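Colleague: The following block contains the structure, expressed as structure tokens.
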């Protein structure tokens, strides 16, 4: 399917109103074409609002539905846990990611348990990861930078793993008005923050991204480590441990050089640490 | 509503941040987090499923499958660009449409993953809009559509019909239906973007001027 043909079908595609063969062809095009597909994003953005068309009667589902869902989820979780190896015990060295073995990506874990999205195989799931980055406008060459996509996927999995441990907090990092960069992070028991970040402009020269913790109740940002970013715009980083109570702000700044004790550069992204509801 | 966003399209609002933090915990296998997500979105999810399937029992199955899908695939979406709400309701919509199509005599379903991955669920391109539009404003946006455009969109979205099926159902040429779908969606988008300038106290002036004329360039970041 040509690029122009696909673009012309964008409206029908985002509505799910194409014939099956056409929809598959467009999906395949999106997966493999490195050109931008602005129409899909623009028109796709409208579709969710159709769901809120006034005149849609709001109906409460029966309570039993919730019970069924939770029971099914619990069963699914038990199956997953039975099938995957447990993470190594013991505290990792300071600054290292939580697991001392490479944490399998979500796709790899799903493959191992024989579960996962739909009936597509491993190749299609890799393709889905690549599709994520192609649509992100990164224009990756499929072969060469697949490992970067997988590495990022592993970084996300590490954050999820840390966030799930009792007592740990979750952080969602979003760009500031002047900044770029977003990601997720988890604050671990010793106060170090495990992060997976994307959309960061690459650092040049002596530039570094510095992470800061502004603990709730204390106004001064505490530097907790820095890192550089290459052309993929992603970063996996674990900060030094520092007291990070719930409600602390985690901030990222782009510094002209390393070693700042207070942010000098632009703060590009921030998030607030939240404890899970218990 | 506290909302800030950078130039590259990631939805950033307090509401979505909260959802995303919950989604991280869902991805980590925390049942409490799934329960929280369910309790927040169960009415919208069920209402959409019921409207599309017109069958309470089937609607329940659709919602159950959708939340199970979300449960299994949360780790693939925590870094998704659109809002968690959009992702979740898209899963519901897809499954409801599939369920309806399966009921029909000649059905050939496209090969879809059970849950659209982040790539196939498109970003909300108007971060300041997310959560800021109420149903009245959406209703107003819909008045900018012609009746036949609105009918085509409703048949596609809620009816789960393909363009060909809409053509048959309404007795219109296929080319006309395609045009109504496309122009209708475009018109709705223009109307919704226009509303951003009106309702939002903080961003009023900037939004009307700069953002509505901005091409969707930031959206794909």
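Colleague: Ranked from highest to lowest mean number of other Cβ atoms within 10 Å per residue, what is the order of the peptides B:138-149, A:261-272? Walk me through the intermediate numbers first.
Modeller: Working: B:138-149: 16.0, A:261-272: 17.8.
Packing proxy ranking, top to bottom: A:261-272, B:138-149.
Colleague: Give the shape of the stretch A:16-55 as rounded, prolate or oblate, defined through the alpha-carbon gyration tensor: a ≥ b ≥ c are the square roots of its eigenvalues, a/c under 1.5 means rounded, and otherwise the shape is prolate if a/b is larger than b/c and oblate if not.
Modeller: It comes out oblate by the Cα gyration axes.
Colleague: May I ask you to sort A:80, A:27, A:198 by Cβ crowding, counting other Cβ atoms within 10 Å and putting the fewest first?
Modeller: On the way: A:80 16, A:27 22, A:198 26.
The most exposed by this proxy come first: A:80, A:27, A:198.
Colleague: Please report B:26, B:92 as a ranked list, fewest other C-beta atoms within 10 angstrom at the top and most at the bottom.
Modeller: Values: B:26 31, B:92 26.
Exposure proxy ranking, most exposed first: B:92, B:26.
Colleague: Another question about this same structure. Taking beta carbons within 10 Å but only from partner chains, what does the mean come to for residues B:16-24?
Modeller: If you average over the peptide's residues, the count of other-chain Cβ atoms is 6.
Colleague: How shielded is A:151-164 by partner chains, expressed as the average number of their Cβ atoms within 10 Å of its Cβ atoms? Kindly include the intermediate steps, with their values, before the conclusion.
Modeller: Numbers: counts 0, 1, 3, 0, 1, 6, 4, 0, 6, 10, 4, 2, 8, 8.
What the average comes to for A:151-164 is 4.
Colleague: Using a 10 Å cut-off on Cβ atoms, rank the peptides A:4-17, B:169-182, A:199-212, B:62-75 from the highest mean neighbour count down. Spell out each step's value before the answer.
Modeller: Values: A:4-17: 21.9, B:169-182: 16.6, A:199-212: 18.3, B:62-75: 24.6.
Packing proxy ranking, top to bottom: B:62-75, A:4-17, A:199-212, B:169-182.
Colleague: Something else: Taking other Cβ within 10 Å of each residue's Cβ, how do B:94, A:29 sort, fewest first?
Modeller: Details: B:94 23, A:29 19.
So the ranking, lowest neighbour count to highest, is A:29, B:94.
Colleague: Let me have the relative contact order for the stretch A:201-243, percent, based on Cα pairs under 8 Å that are six or more residues apart. Walk me through the numbers on the way to the answer.
Modeller: Numbers: 58 pairs, mean separation 17.4, N = 43.
41 percent.
Colleague: Same structure, new question: How shielded is B:56-68 by partner chains, expressed as the average number of their Cβ atoms within 10 Å of its Cβ atoms? The partial results should precede the final answer.
Modeller: Details: counts 3, 0, 0, 3, 6, 2, 0, 5, 7, 2, 1, 7, 6.
Mean shielding by partner chains, rounded to a whole number: 3.
Bear in mind that the values in this text are calculations on the coordinates, not laboratory data. Just so it is clear, the model here is predicted, and its values are computed rather than measured. Methodologically, a virtual Cβ is constructed for each residue, glycine included, from the backbone with ideal geometry; neighbour enumeration extends over all protein chains shown.
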